[in-house]
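Read through the structure below, which is laid out as structure tokens, and then see the notes.
The values are calculated or read from the model by the stated rules, or taken from the named source; none is laboratory data. Just so you know, these numbers come straight off a predicted model, no measurement behind them. Positions of Cβ are generated from backbone atoms using ideal geometry, with glycine treated the same way; all protein chains shown enter the neighbour counts. Keep in mind that these areas ignore ligands, DNA and RNA; they rest on the heavy atoms of the full protein, side chains included. Shrake-Rupley method; radii C 1.70, N 1.55, O 1.52, S 1.80 Å.
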Amino acid sequence: SSSRSDPLNIIEACQPLNFLLTKVTGIQEKYNRSGAVGIKDLLSPSLGSLQESVQFNYMIDIPWLVQQYPPQFRSKPLVIVHGHQRQAKMDMDVAADHYKHIKLVNAKLEIMYGTHHTKMMLLFYDIGMRVVIHTANLIEKDWHQKTQGVWISPMFPKCKTASDAKDSSTNFKQDLIQYMEAYRTPHFKSWLEKIKLHDMSSAKVHIIASVPGRHIGPAKQTWGHFKLRKILRQLGPGNSCKSWPVIGQFSSIGSMGPTKESWVYGEFTESLATTKDGGASLTMKPTLKLIYPSKDNVRTSLEGYPAGGSLPYSIKTAVKQQYMHQFWNHWKSEHRGRSAACPHIKTYTRSHPDGTSIAWFAVTSANLSKAAWGALEKKGQQLMIRSYEIGVLFLPQNYGLEKFKTLEHASEDPLAFPVPYDLPPTHYEKSDRPWVWDIPYMDKPDTHGNKWCPQ
Ligand SMILES: CC(C)c1cccc2c(O)c(C(=O)O)cnc12
């Protein structure tokens, strides 16, 4: 249909960046009408005649997920890739038993505390396939009143022979195949054969992924923040951006070590600050700005304190890293109407100090943690990663540009980048505290008049 709300029109209107936010219940419709999708839009018949799909995720409510598929696709073969073990794995097996079209694949997690965070959909149609890389769990509340990110590929045409099925200039297909091969599971054999028969030359993003392991040699640059460093070294901004702040935005924080140089303002910032051919560590490190909801951002959000149930920053970790306070900035998204839609999206970017342009942008499942991005061990010889993560990196030259203007400050430019939050970021006040999920908040009620008493 020709209506703007038809899912295919939403997808086509967001080309060539194809970066969307999820629809939010309870904000003005104008902020959901363009640049936003719901899960039913992504699975809509108007995007293609679905034959089968693969859902990679962390939290999956199987009955709810099945209901998000349109009736005519609801019994097409569905593979769910998850990382649950022990009781949670058994619970998944029981839930899936009720559906004969569903098969479960259990990702190997051989390093302690690793999780399968990756959120990706492989949608196979009659004429081709789409890849969706996003940040939302497959549970209702992740698609209700949060800010989530979605990158959706163009339709990748199915080819008759593998030689017709080209890759993109960003090696998207090769990197997707390499990521799936890293699961080392025979269940992926048929999917990998199918993927190889698709022409992915239209993909304009780079894949930045993580797989569990102690990666050495070339593998050290294949995953995590060293993959980002490798791409930025080859194709990143020039030295003109040396003074531009690097920005991280996420929904959880791991243990960063005893000082800022231990990891976050050490190896991690060095990767975010990498420029083409110029050594990031040779000259001064740029300002690091971290966007994470304050206690008041959560209290005044649409969900109220319960939004904090998806912001699992623990007090025992927070007390060990008070030095993080210098980096905190509010969650603020006035220009997208989402200041009250707590972020579950994770993004990383490098922005001009005035916020009018950015040098690159990444959206990913990876929070601010060594488990997700990797941490150097053995005198820098190996990069240890605990979890599966996947994200996409947008570089301006893949769109014929030097830099991206930001949509917030250049609203008519079709190539202006739709950054999900307001730039420049707003630093916490002295009295602000980062949201911590396992301590009580009894002083002020939230938007629903409730307090927060976790136990
Ligand atoms: C601490 C763990 C169990 C947790 C709590 C709340 C929300 C979480 C979440 O949203 C993810 C994810 O999205 O991958 C992953 N772990 C989450």
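Checked against (1) assigned to a loop (DSSP other than H, G, I, E, B); (2) touching a Ser or Thr at 6+ places or on another chain (Cβ under 7 Å), VAL131 passes all but condition (1).
Here's the yes/no breakdown for (1) under 14 Å from the mean Cα position of the chain (by Cα); (2) crowded, with 18+ Cβ neighbours inside 10 Å; (3) within 30 Å of SER339 (Cα to Cα):
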| residue | (1), (2), (3) |
| --- | --- |
| ASN137 | yes, yes, yes |
| LYS146 | yes, yes, yes |
| ALA162 | no, no, no |
| ALA165 | no, yes, no |
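Would a scan of region 227-242 turn up a residue that is of a type in the set (Gly, Ala, Ser), within 19 Å of SER357 (Cβ to Cβ) and in contact (Cβ under 8 Å) with a residue 60 or more places away in the chain? Yes, the conditions are met somewhere in region 227-242. Among residues of region 316-332 that are β-branched (Val, Ile, Thr), those with a Cβ under 6 angstrom from a residue that is surrounded by fewer than 18 Cβ atoms within 10 Å (Cβ to Cβ), sequence gap 6+ or separate chain, pair up as THR317/SER255. Residue pairs whose Cβ atoms lie under 6 Å apart, separated by 6 or more positions or on different chains, with the first residue in region 109-138 and within 18 Å of SER251 (Cα to Cα) and the second charged (D, E, K, R) and more than 12 Å from the ligand (Cβ to nearest atom), are TYR113/ARG386; GLY114/ARG386.
Count, please, the residues in region 126-135 that happen to be out of contact with any Leu (no Cβ under 9 Å at 6 or more places or on another chain) and open to solvent by less than 30 Å² (accessible area, probe 1.4 Å). Number satisfying all stated conditions: 3. Summed over region 362-399, residues that are in contact with a His (Cβ under 9 Å, 6 or more places away or on another chain), over 27 Å from LEU311 (Cβ atoms) and of a type outside the set (A, V, I, L, M, F, W, C) total 2.
Which of the following residues is modelled with pLDDT of 95 or more, open to solvent by 20 Å² or more (accessible area, probe 1.4 Å), hydrophobic (A, V, I, L, M, F, W, C) and assigned to a strand (DSSP E or B): LEU104, LEU123, LEU109? Walk me through how you get there before you give the answer.
Values: LEU123 fails: open to solvent by 20 Å² or more (accessible area, probe 1.4 Å); LEU109 fails: assigned to a strand (DSSP E or B).
Result: LEU104 is the single residue among LEU104, LEU123, LEU109 that is modelled with pLDDT of 95 or more, open to solvent by 20 Å² or more (accessible area, probe 1.4 Å), hydrophobic (A, V, I, L, M, F, W, C) and assigned to a strand (DSSP E or B).
Going through (1) within 26 Å of ALA307 (Cα to Cα); (2) touching a helix residue (DSSP H, G or I) at 6+ places or on another chain (Cβ under 7 Å); (3) of a type outside the set (D, E, K, R) one by one, PHE404 falls short only on (1). Pairs meeting the criteria (first residue in region 341-357 and at positive phi, second residue part of a loop (DSSP other than H, G, I, E, B) and open to solvent by 20 Å² or more (accessible area, probe 1.4 Å), beta carbons under 6 Å, at least 6 apart or on different chains) are GLY355/PRO424. Name every residue in region 1-56 that is among the hydroxyl-bearing types (Ser, Thr, Tyr) and touching a residue at least 12 places away in the same chain (Cβ under 8 Å), in order of residue number. Scanning region 1-56 gives SER1, SER5, THR22, THR25, TYR31, SER34, SER44, SER46, SER49, SER53. The set of residues in region 49-65 being within 16 Å of the ligand (Cβ to nearest atom) and under 20 Å from the mean Cα position of the chain (by Cα) consists of GLN55, PHE56, ASN57, TYR58, MET59, ILE60, ASP61, LEU65.
If you filter region 331-383 down to residues that are within 16 Å of the ligand (Cβ to nearest atom) and in a strand (DSSP E or B), you find that the one that is surrounded by the most Cβ atoms within 10 Å (Cβ to Cβ) is THR364.
Can you tell me how many residues within region 250-266 are assigned to a helix (DSSP H, G or I), open to solvent by 10 Å² or more (accessible area, probe 1.4 Å) and either of a type in the set (Gly, Ala, Ser) or farther than 30 Å from LYS146 by Cβ (or both)? The total comes to 2.
Kindly indicate whether LEU393 is modelled with pLDDT of 95 or more, open to solvent by 10 Å² or more (accessible area, probe 1.4 Å) and assigned to a strand (DSSP E or B).
On the way: modelled with pLDDT of 95 or more: yes; open to solvent by 10 Å² or more (accessible area, probe 1.4 Å): no; assigned to a strand (DSSP E or B): yes.
Judged against the criteria, LEU393 is not a match.
Restricting to region 411-446, name every residue that is aliphatic (A, V, I, L, M) and open to solvent by less than 20 Å² (accessible area, probe 1.4 Å). Step through it out loud before you land on a result.
Let us first name the residues in region 411-446 that are aliphatic (A, V, I, L, M), namely 415-416, 419, 423, 436, 439, 442.
Answer for region 411-446, where residues must be aliphatic (A, V, I, L, M) and open to solvent by less than 20 Å² (accessible area, probe 1.4 Å): ALA416, VAL419, LEU423, VAL436.
Scanning region 427-454 for residues that are more than 16 Å from the ligand (Cβ to nearest atom) and assigned to a loop (DSSP other than H, G, I, E, B) yields a count of 18.
Of everything in region 405-426, what is part of a strand (DSSP E or B) and more than 18 Å from the chain's Cα centre (by Cα)? Give them in sequence order. So that I can check it myself, show each step before the final result.
At the first step, the residues of region 405-426 found to be part of a strand (DSSP E or B) are 405-406, 417.
The answer is LYS405, THR406.
Does PRO77 meet the test of being open to solvent by 10 Å² or more (accessible area, probe 1.4 Å) and over 21 Å from LEU8 (Cα atoms)? Spelling it out, PRO77 is indeed open to solvent by 10 Å² or more (accessible area, probe 1.4 Å) and over 21 Å from LEU8 (Cα atoms). Is it the case that PRO306 is open to solvent by 10 Å² or more (accessible area, probe 1.4 Å), within 13 Å of the ligand (Cβ to nearest atom), in a helix (DSSP H, G or I) and not charged (D, E, K, R)? Considered against the rule, which asks whether it is open to solvent by 10 Å² or more (accessible area, probe 1.4 Å), within 13 Å of the ligand (Cβ to nearest atom), in a helix (DSSP H, G or I) and not charged (D, E, K, R), PRO306 comes out as yes.
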